[in-house]
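The next block holds one structure in the form of structure tokens; read it before the comments.
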């Protein structure tokens with residue numbers, strides 16, 4: 001083999017070597033978490049350390065799911081809060097994205113203003129009055145107390161993504177529906193909304209992830225343990241268990257991540273578009 | 001054709017109502033609060049204090065420490081995250097096989113709740129049984145540092161963790177930016193006999209300038225809004241070494257219930273976000289004119 005050919009092969013291999021190293025480093029903490037979660041306690045806290053579990057056990061999971069009552073409650077809270085918020089956001093952004101895309105009024109500037117506010121402004125600015133408001137209305141420590149602000153905070157990018165989805169629909173389709181005598185709302189519901197399903201999928205993915213992992217509002221507004229969502233509740237579990245509790249903590253984290261992994265895998269085709277859309281770069 | 005109609009407002013009304021009550025109104029109310037003295041536990045209502053609230057915050061030694069920490073943390077974080085996301089995106093465009101799994105691996109931390117990601121790193125760095133410390137003892141035969149207990153180290157340990165959490169977004173927009181560079185530019189460079197480095201210097205990097213503005217604004221904003229990591233890993237300690245501005249604002253408001261001071265320090269943080277974002281975009285667009 002000539003030296004030039006060797007050099008060419010090295011040049012082609014270099015990007016792979018670099019990317020595999022980065023990807024492995026990025027995935028490793030989660031792999032280690034998964035390995036820890038299926039090891040028996042004496043392997044987790046034993047010398048010498050085992051990298052791969054010598055005995056694979058689901059005992060940690062069984063304990064977490066059956067005995068850790070608080071954890072089940074956190075999981076239910078996360079499902080209810082995320083589920084209700086996401087449904088509301090999908091409905092409101094499908095409604096609001098339509099006039100933003102297809103009607104003329106000065107809403108665009110306002111919308112971009114809101115997006116800039118939500119992305120750049122530290123949320124603690126909104127959180128302080130929200131805390132006072134919710135305290136006065138008795139909304140702290142309730143599902144509604146998280147659902148309402150979550151809907152508001154995630155609407156701006158949802159509206160942006162849905163606006164792009166409505167812009168992409170050709171006007172002829174709307175005109176044809178109108179000729180058939182459909183009213184405006186009927187046209188929106190039966191003709192336009194089904195055509196925005198890719199936009200709805202992108203919105204679903206983005207707001208599901210954002211709400212499932214939200215910490216600041218949850219830790220501030222849900223001070224009673226029975227209302228806490230998983231990202232806050234698991235921190236609570238750790239505080240109660242003190243230091244060496246990773247045999248309990250690792251399965252709770254894996255279970256907390258499962259719904260997000262499932263959504264991510266099911267909607268993986270929308271991931272790139274979703275990240276770009278959420279950043280305020282939805283296509284015109 | 002866009003049509004004018006009043007029914008448009010009906011479709012938008014619910015969304016606007018939500019954003020009005022939980023974004024616009026709180027923002028204005030917070031701005032008012034930032035000029036008041038208002039302890040939520042003791043004071044029945046906010047009392048006007050004018051600029052005194054801002055003076056109190058600026059003179060608080062903990063705030064000053066937090067401001068310094070923000071720079072000590074932000075500069076290495078920004079440099080590493082910016083360079084690494086650009087490099088990963090660029091190398092992803094140079095390979096043909098296994099691009100999707102490699103890309104997803106880098107995006108993956110974005111979907112992990114930061115508070116739970118923090119626990120995973122606590123486990124890796126656990127003094128007795130954490131893998132990093134075991135590896136350190138085995139390979140280096142010395143005692144590993146006490147990562148989060150050391151005032152000199154704790155803040156810097158958070159840098160790679162935050163890079164891990166935040167790399168996805170800049171990487172994805174760099175990738176999108178790289179894919180929109182017209183092939184004709186590269187063809188022209190090839191005709192002019194440009195080398196690999198010449199292409200990078202005169203085609204790729206200048207074409208990425210608008211994307212670089214977006215990535216730097218994002219990274220600056222995220223580092224000034226860092227909250228979850230100090231909350232979970234150190235509670236701002238040891239000796240206030242990991243207090244960030246955002247964490248400071250939160251503790252003023254929700255640990256000491258000084259709502260006025262909390263709002264004032266949050267507005268100072270917001271002002272810094274705007275200032276640094278504007279500065280970074282001005283800097284990048286100035287360089288573009290030089291190159292042209």
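Modelled this way, with points 7 Å down the Cα-to-C-beta line, the labels at residue B:153 and residue B:47 are 4.7 nm from one another. Going from the fewest other Cβ atoms within 10 Å to the most, the residues A:207, B:62 appear in the order B:62, A:207. For residue B:140 and residue A:197, the FRET efficiency from 1/(1 + (r/R0)^6), where r spans their Cβ atoms and R0 equals 56 Å, is about 0.50.
Exposure proxy ranking for A:161, B:119, based on other Cβ atoms within 10 angstrom of each Cβ and starting from the fewest, stands as B:119, A:161. The calculated 222 nm mean residue ellipticity attributable to helices in chain B amounts to -21500 deg cm²/dmol, summing -39500 (n - 2.57) over DSSP H runs of n ≥ 4 and dividing by all residues.
Using every Cα-Cα pair within the range B:1-159, state what percent have a distance larger than 20 Å. Above the 20 Å cut-off, the range B:1-159 has 76 percent of its Cα pairs. Just the Cα atoms of the range A:133-269, one point each, no solvent: what log10 I(q)/I(0) does Debye give at q = 0.15 Å⁻¹? Taking Cα atoms of the range A:133-269 as identical point scatterers yields -0.88.
The stretch between residue A:258 and residue A:175, if pulled fully straight at 0.36 nm per residue, gains 25.5 nm over its current Cα-Cα span. Of A:83, A:273, A:138, the residue with the greatest mean-square motion in the GNM of chain A, using alpha carbon springs below 10 Å, is A:138.
For the range B:53-291, the relative contact order works out to 30 percent when only alpha carbon pairs closer than 8 Å and six or more residues apart are counted. The modelled label-to-label distance for the pair residue A:67/residue B:235, using points 7 Å beyond Cα in the direction of Cβ, is 2.7 nm.
In chain A, helices alone account for a calculated mean residue ellipticity at 222 nm of -24000 deg cm²/dmol, with every DSSP H run of four or more residues adding -39,500 (n - 2.57). Under a GNM of chain B (C-alpha, springs under 10 Å), which listed residue has the highest mean-square fluctuation: B:209, B:72, B:190? Ranking B:209, B:72, B:190 by mean-square fluctuation puts B:190 first.
With a 10 Å cut-off between alpha carbons and a GNM built on chain A, which of A:240, A:134, A:214 moves the most? The residue with the greatest mean-square fluctuation here is A:240. Kirkwood radius and radius of gyration were both taken over the C-alpha atoms of the range B:51-96, and their ratio Rg/Rh is 1.40. For all pairs of alpha-carbon atoms in the range B:53-291, what percent lies in each bin of width 10 Å, listed from the first bin to the last filled one? Each 10 Å bin holds this share of Cα pairs: 7, 26, 29, 22, 13, 4, 0. Values of log10 I(q)/I(0) for the range B:118-171 across q = 0.28 Å⁻¹ run -1.13, by the Debye formula with one identical scatterer at each alpha carbon and no solvent.
For the pair residue A:28 and residue B:7, a Förster radius of 45 Å applied to the C-beta separation gives a FRET efficiency near 0.25, rounded to the nearest 0.05. If you bin every alpha carbon distance in the protein assembly as shown into 10 Å steps from zero, what whole percent lands in each bin? Whole-percent P(r) values from 0 Å outward: 3, 15, 25, 27, 19, 9, 2, 0, 0.
Counting only alpha carbon atoms, the long axis of helix A:124-137 and the longest principal axis of chain A meet at about 80°. Ranking of B:191, A:118 by neighbouring Cβ atoms within 10 Å, starting from the fewest: B:191, A:118.
Values quoted throughout were computed directly from the atomic coordinates according to the rules given, and no laboratory measurement underlies them. Bear in mind the structure is a predicted one, so any value in this text is a computation, not a measurement. So basically every Cβ, Gly included, is an ideal-geometry build from the backbone, and we count neighbours across all protein chains shown.
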